[in-house]
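Here the structure comes first, spelled out in structure tokens, and everything after it is commentary.
Each reported figure results from applying straightforward, stated rules to the coordinates on display, with no laboratory input. Here the structure is a predicted model, which means the values were calculated and not measured. Counting neighbours? That spans all protein chains shown, and the Cβs are built from the backbone with ideal geometry, glycine included.
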Amino acid sequence: MGPVRTEVMWQAVLDAVALAGGDAAAIDILDLGGGTGSDAVRLALSGHRLTVVDPSPDALASLHRRSVEEGVGGAVDGIQGDTSDLAEHVDSASVDLVLCHGVLEYVDDPSQALAAIAKVLRPGGHVSVVVASRHAAVFARALAGDFVNAVSLFTTTASDWDTRTDGPRRFILAEVQELLSTHGFTVLDTSALRVFADLVPSVIVDTEPGARAQLYALEQLVKKSPEFAALSTGLQSIARLDWVAEHTDRGGNDAAL
């Protein structure tokens, strides 16, 4: 087993693939911000077809080398871009599953990003969204004695967030679910990711016999408990596309195709 944090995040990918039907058949997966392709290559080795969209040419070069070395170069396509120009690179209704992990924290407009994702998904397709938790960040700031920033984090909603001044956006679960619902998604599953993995000192995990496996088992045990969601560093929502919002006005009114 690798680092517990890495294994927890990989399990989140596997959970999304399973809900999208990827356990029974090969599916088309879009990995937004997939970088060097650590997840994409592993999924390609399982028989799936991957498109990785990332703004970094260096990361995409590493993705290409890795996929070729693993013998899955033909199943992995790397494209330089982001959510703002996704429609220029990925055909409409061409993807079964979109992995949007650690992306909404950085985009200028999370609503626009989810609208772009909805357009490339096939009807009934799935998206897995993983975001950083605001409550966990508040907790961490308070424990560090940074009470001013703890208050600021707690009182700033995702819609009011300015990534230029506030840093990466932080979410609570209700905000993610509302965004998904606005763009035609039905949330099927939620998980609390890394409840303990980012808190337990590495010296304990690395030196105590069996500690790594035990910590991973504990993470899997509590990830479905709503009580632990506020403490988790990451929040995952897996949702199915049931309709597509053609546009959303400032008042939140949608027109369905």
*asked:* Assuming 0.36 nm per residue, please report the length gained on full extension of the stretch D58 to S152 beyond their Cα-Cα distance.
replied: 30.3 nm
*Among V244, P3, A18, pick out the residue whose Cα is farthest towards the positive end of the charge dipole of the chain, where Lys and Arg carry +1 and Asp and Glu carry -1 on C-beta, about the Cα centre.*
P3
*Take the alpha carbon gyration tensor of the stretch 90-219, find the square roots of its eigenvalues, order them as a ≥ b ≥ c, and report rounded if a/c is under 1.5; if not, report prolate when a/b exceeds b/c, else oblate.*
oblate
*asked:* Is there a quick way to get the dipole size of the stretch 141-252? I mean about its Cα centre, with the Cβ of Lys and Arg at +1 and of Asp and Glu at -1; what is the value in debye to the nearest 20?
replied: 160 debye
*By the gyration tensor of its Cα atoms, with a ≥ b ≥ c the square roots of the eigenvalues, what is the shape of the stretch 138-209: rounded for a/c under 1.5, prolate for a/b over b/c, or oblate?*
oblate
*In whole angstrom, note down how far apart the Cα centers of the stretch 109-138 and the stretch 49-101 are.*
17 Å
*Short version: ³J(HN,Hα) in whole Hz for each residue of the stretch 152-162, in order, from phi by Karplus 6.51 cos²θ - 1.76 cosθ + 1.60 (θ = phi - 60°), x for Gly and Pro, what are they?*
4, 4, 5, 9, 9, 7, 4, 6, 8, 5, 10
*By average Cβ neighbour count within 10 Å, what is the ranking of 207-216, 149-158, 230-239, 37-46 from highest down?*
230-239, 37-46, 149-158, 207-216
*Compute the length gained on full extension between D23 and T163: take 0.36 nm times their separation in residues and subtract their Cα-Cα distance, giving the result in nm to one decimal.*
46.7 nm
*asked:* Skipping prolines and chain starts, which residues have an amide H placed within reach, meaning under 5 Å, of the one on L231, given they are 5 or more residues away or on another chain?
replied: none
*Taking amide H positions as placed in the peptide plane 1.01 Å from N, state which residues far from D77 in sequence (5 or more) or on other chains have amide H under 5 Å from it.*
L50, T51, V52
_Average Cα contact separation per residue, the stretch 25-130, under 8 Å, 6 or more apart, as relative contact order %_ = 28 percent
*Which one of G184, A217, V203 has its Cα pushed farthest toward the positive end of the charge dipole of the stretch 129-251, where Lys and Arg give +1 and Asp and Glu give -1 at the Cβ?*
V203
_Please compute the contact order of the chain in relative form: average sequence separation of alpha-carbon pairs under 8 Å and at least six residues apart, divided by the residue count, as a percent._
19 percent
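Can you give the FRET efficiency to the nearest 0.05 for I204 and D242, using r as the Cβ-Cβ distance and R₀ = 45 Å?
Values: r = 44 Å, r/R0 = 0.98.
Efficiency computed from Cβ-Cβ geometry: 0.50.
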